[in-house]
Amino acid sequence: MIDFLWNPILKKTKLQRTVIDKLKENILFQDLNPAELTWLEKIVHLRTYQPGEVVFKQGDLGVGMYIIAKGTVNIYVEELNPQSGEVKSQLVTQLKENDFLGDLALVEVNSRRSATALCQDECSLIGFFKPDLIEVTERNARSGVKILFRLSEVLGQRLKETTSKITVMRKKLQEKELKA
Amino acid sequence: MKSLLALSLQKQKRIQTFFFALILLGIVLLLSLVHNLFIMFLLSLVTFFLLSPAVNFFERRGLSRLNATLIPFLGMTAFFAILVVYFSPSLFDQATSLQEKIPAYLKTFQDFTGQWQTKLASDFKFLPKDLFQVPLQDYLLNWLGSAMAGLPEILSQSLTILFLVPLFAFFMLLEGRVLVRLILQFAPNHLFELFLNLNYQISSQIGGFIRARLIETVIISLVTWVGLGVLGFPYALLLAVLAGILNVIPYIGPVIGALPAFALALSNPELGAPYFWLFVIYGMGQLIDTVILVPFLVAKIVNLHPVTVIVSILVGAQFMGILGMIICIPLMSTLKVSFNSIYGHLTEFRNNA
């Protein structure tokens, strides 16, 4: 009913089509069919940010992930220098259109953001949060399973990368110890 | 340049926050100022939370949201139709019979209180005589008279509510999420995740609470009905429904729910004073409630300190009478969830500022 009041009947707006296209390009939603993507478009949240605006801060409670539909988002990690007591902000990475951030918060309990996300220019972000994921699984279990499988794949990939990095670091440390 | 940008962002943030607060305030004012809207909203919410698992179930089976909403609604209508057809004649007969017998009961009650007043006045002669000449029956008659006078208005209001609540609940189930999403669109970016999470936490907590309490009401009503029926006590169905509904009020609800049965036994000597069996029946209901229903259904959902519960009941009773006592617990848990989330967000915000 509300859709009828706010949107033209049976006609997808340009904005709706953009959101659907962006969702389709994202790994988490790539298994969904067009009907499921159209349905999902009504669940996700499109947010716009000004240049310099914070998306989330390191240590904030995180509820979900964002897909960059337009613009560039800089990721900073803030580190406290225990000697001087100063907080140093360091640019870790720069995320562009179609990249996504904060996906760990979808599955973590009381998740805290591990970095600060700051918009470099005017950004449009598609938010997909834990309550949305729960709604998807409750209302359309088939789509929910497809998303959760892909999410597990992404998290598994991350775990694999982290493990291999730790292995390399451990080897280097052992070599250093042997030399000493 | 950078500080100018920061200033403009700050200004925008403040404007967005102001408008979002205005929208929320508008909703609260609308609910509290428009006659009967708050009660209708509450009852629609109860229907919404009761039916939403069924709607989601049918939607999962591949039905459209409209059809998935229509099926439980038709089911509920059929259920109420059966209830009305089978139980309303019995309930109506009981209510009519009670109405006819009230003068006789009042007479017995008047004699009973008169005897006690005389006895107390002779036993405690040192106390002022006026103290024992309180016209209890006059108070009771006045109260009954005013209740009867207000009955047509209450009935017409109830009919409006009964007609509009299913309509509201239907659209809540069909488009409620779209409406929430629309309101959240106006939330400023720095508050968006907080409000989204708050909405989710409150909905899941209150939904669970309402469903648990409804199951509890049905079970307590059934146990009391069966017990009173076996005892052959009059107005068993009426008393059982009353006990089930009032049981929702923590601590004092079960006592208020049992009082009419004891008052009836007191004013009707023909019943043979079955006080012991009444204790057993209502006690059995409470035992099932305390040992089985509360630990498994309710306790994990609303975790409020007993003192908070009692204070909430008193405040609810002060503002909205019996209805206030029933809704105070879900309202208090909503406030608790909101306070914890907003406080956590604010302190986090300060830590990071």
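In plain terms, the residue of A:T167, B:T160 with the fewest other Cβ atoms within 10 Å comes first and the most crowded comes last, giving A:T167, B:T160. Would you mind classifying segment B:1-107 by shape? Square roots of the alpha carbon gyration tensor eigenvalues, ordered a ≥ b ≥ c; an a/c under 1.5 is rounded, otherwise it is prolate if a/b is larger than b/c and oblate if not. Note, shape of segment B:1-107 comes out oblate. For chain A, the relative contact order is 26 percent, taking Cα pairs closer than 8 Å that sit 6 or more residues apart in sequence and dividing their mean separation by the residue count. Annotation: amide H-H contacts under 5 Å for A:V55 (H modelled 1.01 Å from N, sequence separation of 5 or more, or interchain): A:A117, A:L118, A:C119.
When +1 charges are put on Lys and Arg Cβ atoms and -1 charges on Asp and Glu Cβ atoms, the dipole computed for segment A:2-179 relative to its Cα centre reaches about 420 debye.
Averaging 1/r across all pairs of distinct Cα atoms in segment B:198-309 and inverting the result yields a Kirkwood radius of 14.9 Å.
Spin-label pair B:L98-B:S32: with each label point 7 Å from Cα along the Cα-Cβ axis, the two points sit 3.4 nm from one another.
Gyration tensor analysis over the Cα atoms of chain A returns equivalent ellipsoid semi-axes of 36, 21, 14 Å (largest first, whole Å). The spacing between segment A:40-65 and segment B:8-40, judged by their C-alpha centroids, is 22 Å. Taking the fewest neighbouring Cβ atoms within 10 Å as the starting point, the ordered list for B:R181, A:R112, A:R139 is A:R112, B:R181, A:R139. Partner aspartates and glutamates whose Cα lies under 19 Å from the Cα of A:K171, excluding those fewer than 8 positions away in the same chain, are identified as A:E161.
Each residue of segment B:279-290 is assigned a 3J(HN,Hα), and the resulting list reads 4, 4, 5, 5, x, 4, x, 5, 4, 4, 5, 6 Hz, derived from the Karplus form 6.51 cos²θ - 1.76 cosθ + 1.60 (θ = phi - 60°), x at Gly and Pro.
Exposure proxy ranking for A:D121, B:D289, based on other Cβ atoms within 10 angstrom of each Cβ and starting from the fewest, stands as A:D121, B:D289.
Of the options B:N142, A:G144, B:M332, report the single residue whose Cα projects farthest towards the positive end of the charge dipole of the protein assembly as shown (beta-carbon charges: Lys, Arg +1; Asp, Glu -1). Checked the options; the winner is A:G144. Averaging Cα coordinates gives a centre for segment B:214-272 and one for segment A:88-133; these two points are 56 Å apart. Relative to the Cα centre, the charge distribution of the protein assembly as shown, modelled as +1 at Lys and Arg Cβ and -1 at Asp and Glu Cβ, gives a dipole magnitude of about 1640 debye.
With R₀ set to 45 Å, the beta-carbon distance separating A:K24 from B:N142 gives a calculated FRET efficiency near 0.05.
Cross-link reach is defined here as a Cα-Cα straight distance under 14 Å, omitting same-chain residues fewer than 8 places apart; for A:K24 the aspartates and glutamates meeting it are A:E36, A:E41, A:E97, A:D99.
In the elastic network of chain A, a GNM with C-alpha springs shorter than 10 Å, the most mobile of A:A117, A:A35, A:A105 is A:A35.
Compared with the dominant Cα axis of chain A, that is its longest principal axis, helix A:141-179 is turned about 10°.
Once each of the GluC sites (Glu not before Pro) sitting in a DSSP loop with at most 15 other beta-carbon atoms within 10 Å is removed, chain A keeps A:1-85 as its longest stretch.
To the nearest ten degrees, helix A:130-139 and the longest principal axis of the Cα atoms of chain A are 40 degrees apart. The trypsin sites (Lys or Arg not before Pro) of segment B:1-98 that meet both conditions, a loop assignment by DSSP and at most 12 other Cβ atoms within 10 Å of the site Cβ, are B:R61. Annotation for B:S64 and A:I166: the two label points, set 7 Å from Cα along the Cα-Cβ direction, are 5.1 nm apart.
Near A:G64, the amide H atoms lying under 5 Å from its own belong to A:K130; only residues 5 or more places off or on other chains count, and H is placed 1.01 Å from N.
Sequence-ordered 3J(HN,Hα) estimates for segment B:253-259 from the Karplus curve with 6.51, -1.76 and 1.60 and θ = phi - 60° stand at x, x, 5, 4, x, 8, 3 Hz, glycine and proline given as x.
A full extension of the chain between B:L22 and B:M320 corresponds to an added length of 104.7 nm, given 0.36 nm per residue minus the alpha carbon distance. Is the shape of the protein assembly as shown rounded, prolate or oblate, going by the alpha carbon gyration tensor and its root eigenvalues a ≥ b ≥ c, with a/c under 1.5 for rounded and a/b larger than b/c for prolate? In terms of gyration-tensor shape, prolate.
We did not get these values from a lab; they are worked out from the coordinates using the rules stated. The shown structure was predicted, so the numbers you read here are calculated from the model rather than taken from an experiment. Every residue, glycine among them, receives a Cβ derived from its backbone with ideal geometry; neighbour counts consider all protein chains shown.
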